[in-house]
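Enquirer: The structure's right below; bear with me while I get my questions together.
The values are calculated or read from the model by the stated rules, or taken from the named source; none is laboratory data. Given the structure is predicted, the values throughout are model-derived calculations rather than measurements. Note that each Cβ is placed from the backbone with ideal geometry, even for glycine, and that neighbours are counted across all protein chains shown.
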Amino acid sequence: MGRRSPPAAFDLAPAGESGHFRLGGALSFDTARAVLEKGTAAFAGQQRVSLDLSGITHADSAGLAVLLTWVGRARRDGRAISYTGLPPQLARIARVCGVDGLLGVEGAAAPSAGATA
């Protein structure tokens, strides 16, 4: 049997005040399900969640789907969720998909004009 490459890693941890979290590492097809489950559990009972995404090292459309799922659930449950530090890679994917306005990113910087998704 061939060796499998190690799974992509991520870290979701509280960051300071109640309801503040930091997500780092991979937010991708390889980690999406685990990130979604861990975040959903961590955010339970929080009326307001602020998630710092500046530690994300790799992201793809599955990662974007996780962020949008949390937004949808928060709206459905009458809660608030906001994101800071959206990596340019995720910002480009969101813009191409036409969902960048749904993310509620605070202090988002516009990706450079010559960047590609």
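Enquirer: For residues that are β-branched (Val, Ile, Thr) and touching a residue at least 24 places away in the same chain (Cβ under 8 Å), scanning just segment 81-103, find the one that is surrounded by the most Cβ atoms within 10 Å (Cβ to Cβ).
Expert: Residue satisfying both the conditions and the ranking: Ile81.
Enquirer: Across segment 84-99, what is the total count of residues that are in contact with a Gly (Cβ under 8 Å, 6 or more places away or on another chain) and within 18 Å of Ala15 (Cβ to Cβ)?
Expert: Within segment 84-99, residues that are in contact with a Gly (Cβ under 8 Å, 6 or more places away or on another chain) and within 18 Å of Ala15 (Cβ to Cβ) number 2.
Enquirer: What is the one condition in (1) within 21 Å of Gly101 (Cβ to Cβ); (2) among the aliphatic types (A, V, I, L, M); (3) not in a loop (DSSP other than H, G, I, E, B) that Leu86 does not satisfy?
Expert: (3)
Enquirer: Still on this model: List the pairs whose first member sits in segment 9-23 and is over 12 Å from Ala42 (Cβ atoms), whose second member is of a type outside the set (A, V, I, L, M, F, W, C) and modelled with pLDDT of 95 or more, and whose Cβ atoms are under 7 Å apart, counting only residues at least 6 apart or on separate chains?
Expert: Ala9/Gly25; Phe10/Gly24; Phe10/Gly25; Phe10/Thr31
Enquirer: While we're on this one: Suppose we keep only residues that are among the aliphatic types (A, V, I, L, M) and touching a Gly at 6+ places or on another chain (Cβ under 8 Å) within segment 54-83. Which one would you say is nearest to Leu102 (Cα to Cα)?
Expert: Val71
Enquirer: If you don't mind, another one. Restricting to segment 32-83, name every residue that is assigned to a loop (DSSP other than H, G, I, E, B) and either of a type in the set (Gly, Ala, Ser) or under 14 Å from Ala15 (Cβ atoms) (or both).
Expert: Answer for segment 32-83, where residues must be assigned to a loop (DSSP other than H, G, I, E, B) and either of a type in the set (Gly, Ala, Ser) or under 14 Å from Ala15 (Cβ atoms) (or both): Ala44, Gly45, Gln46, Gly78.
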